[in-house]
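Please read the structure below before turning to the comments.
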Amino acid sequence: MRFDVFTLFPEPFNPYLETSILQRARASGLVEVALHDIRSFTTDRHHVTDDMPYGGGGGMVMKPEPLFAAVESVLGSPPACPVVLLTPQGRIFNQQRALQLVLEPRIALVCGRYEGFDERIREHLATEELSIGDYVLTGGELPALVVIDAVARLIPGVLGDPDGAMDDSHASGLLEYPQYTRPAEFRGWPVPEVLLSGDHGRIARWRREQALLRTRQKRPDLLDRARLTPKDLKFLAGLEPGAGEPSPDQDREA
Ligand code: JBB
């Protein structure tokens, strides 16, 4: 699978792309990331990529010409692959969208800077807008890396373990159960006895119940869409009423 990234700042991508899983995936040819510097597609003497907004007001706007030239010269016109604009105006990226995007052989990721995009970029170049969450960022580069990372992990063979991706919390729809490693007691804090019991049936049941409990506690919104067995439902139904404490940032899901 190939990602074509369009950015004014290609350099900061490399350190992360050269790390661990992504590096191995690229070395084995499962993932290809091509970085394209939008500035190199300017045609004016000063390589300008932004300009003042029509109608006045503060901030600078990303000019359309260099970006259209970059995307069209790399992907053709019109591009045959999804052209994803990373922007706070996009739908929130999630595991479900990652599972759909991994089916594409090629994806273009467009990273903005300044205070916004000329609207014609949204209307006539992007096929989709994605956000990674509700906070203010300096540019679309970190969101693009997030999308690359989440999607690349889903390509068969990228993770060592063939069904490793299915173990991840968002794949199952529940949060992870608590995990421990040695020592069995640290500063007087013991590992739960069940995990030392060697009783694999009991351990599996405990882990599932812990995953259900903490999902209800921390992210009750996820329970609606989790695939739950009749046994899971019975377990949840037997709990004291009242879901999780509302946490300060739990203005999720309206
Ligand atoms: C940036 C992603 C875009 O599309 C917008 C917008 C607003 C402010 C800045 C930018 C371009 S840089 S930050 C996160 C892209 O509304």
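Pick from Arg120, Arg106, Arg91: which is touching a helix residue (DSSP H, G or I) at 6+ places or on another chain (Cβ under 9 Å) and closer than 25 Å to Gly173 by Cα?
Only one candidate passes the filter, namely Arg91.
Which of the residues that make up the stretch 27-60 are open to solvent by less than 40 Å² (accessible area, probe 1.4 Å) and in contact with a Pro (Cβ under 8 Å, 6 or more places away or on another chain)?
His36, Ile38, Thr42, Thr49, Gly59 - these are the residues of the stretch 27-60 that are open to solvent by less than 40 Å² (accessible area, probe 1.4 Å) and in contact with a Pro (Cβ under 8 Å, 6 or more places away or on another chain).
Which one is nearest to Gly76 (Cα to Cα), of the residues in the stretch 123-138 that are open to solvent by 30 Å² or more (accessible area, probe 1.4 Å) and near the ligand (Cβ under 10 Å from one of its atoms)?
Checking each candidate, the answer is Glu129.
Is there any pair linking a residue in the stretch 179-197 that is assigned to a helix (DSSP H, G or I) to one that is open to solvent by 100 Å² or more (accessible area, probe 1.4 Å), with Cβ under 8 Å and at least six apart or on different chains, and which?
These pairs meet every condition: Leu195/Tyr180.
What's the number of the condition Cys111 fails, among (1) within 16 Å of the ligand (Cβ to nearest atom); (2) open to solvent by less than 20 Å² (accessible area, probe 1.4 Å); (3) under 30 Å from Leu174 (Cβ atoms)?
Against the list (1) within 16 Å of the ligand (Cβ to nearest atom); (2) open to solvent by less than 20 Å² (accessible area, probe 1.4 Å); (3) under 30 Å from Leu174 (Cβ atoms), Cys111 comes up short only on (3).
Here are some conditions: (1) farther than 20 Å from Leu35 by Cα; (2) touching a strand residue (DSSP E or B) at 6+ places or on another chain (Cβ under 7 Å); (3) not acidic (Asp, Glu). Tyr114 meets all but one. Which one does it not meet?
The number of the failed condition is (1).
Filter the stretch 139-157 down to the residues that are closer than 28 Å to Pro53 by Cα and either within 12 Å of the chain's Cα centre (by Cα) or crowded, with 22+ Cβ neighbours inside 10 Å (or both) and list them by number.
Gly140, Glu141, Leu142, Pro143, Ala144
Here's a check for you: in the stretch 61-94, which residue that is open to solvent by 40 Å² or more (accessible area, probe 1.4 Å) and of a type in the set (Ser, Thr, Tyr) is farthest from Gly112 (Cα to Cα)?
Ser77
Asn94 fails exactly one of the following numbered conditions: (1) touching a residue at least 12 places away in the same chain (Cβ under 8 Å); (2) within 15 Å of the ligand (Cβ to nearest atom); (3) not hydrophobic (A, V, I, L, M, F, W, C). What is the number of that condition?
(2)
I'd like the full set of residues that are part of a loop (DSSP other than H, G, I, E, B) and at pLDDT 75 or above, limited to the stretch 166-178.
Gly173, Leu174, Leu175, Glu176, Tyr177, Pro178
Name the residues in the stretch 7-18 that are assigned to a loop (DSSP other than H, G, I, E, B) and open to solvent by less than 60 Å² (accessible area, probe 1.4 Å), would you?
Listed by number, the residues that qualify are Leu8, Pro10.
Would you pick out the residues in the stretch 131-147 that are out of contact with any helix residue (DSSP H, G or I) (no Cβ under 6 Å at 6 or more places or on another chain) and under 11 Å from Phe93 (Cβ atoms)?
Ser131, Gly133, Pro143, Ala144, Val146, Val147
The values are calculated or read from the model by the stated rules, or taken from the named source; none is laboratory data. The structure displayed is predicted, hence computed values, not measured ones. Cβ: placed from backbone, ideal geometry, glycine included. Neighbour counts: every protein chain shown. Remember, those area values only see protein heavy atoms, side chains included, never the ligands or the DNA or RNA. Shrake-Rupley method; radii C 1.70, N 1.55, O 1.52, S 1.80 Å.
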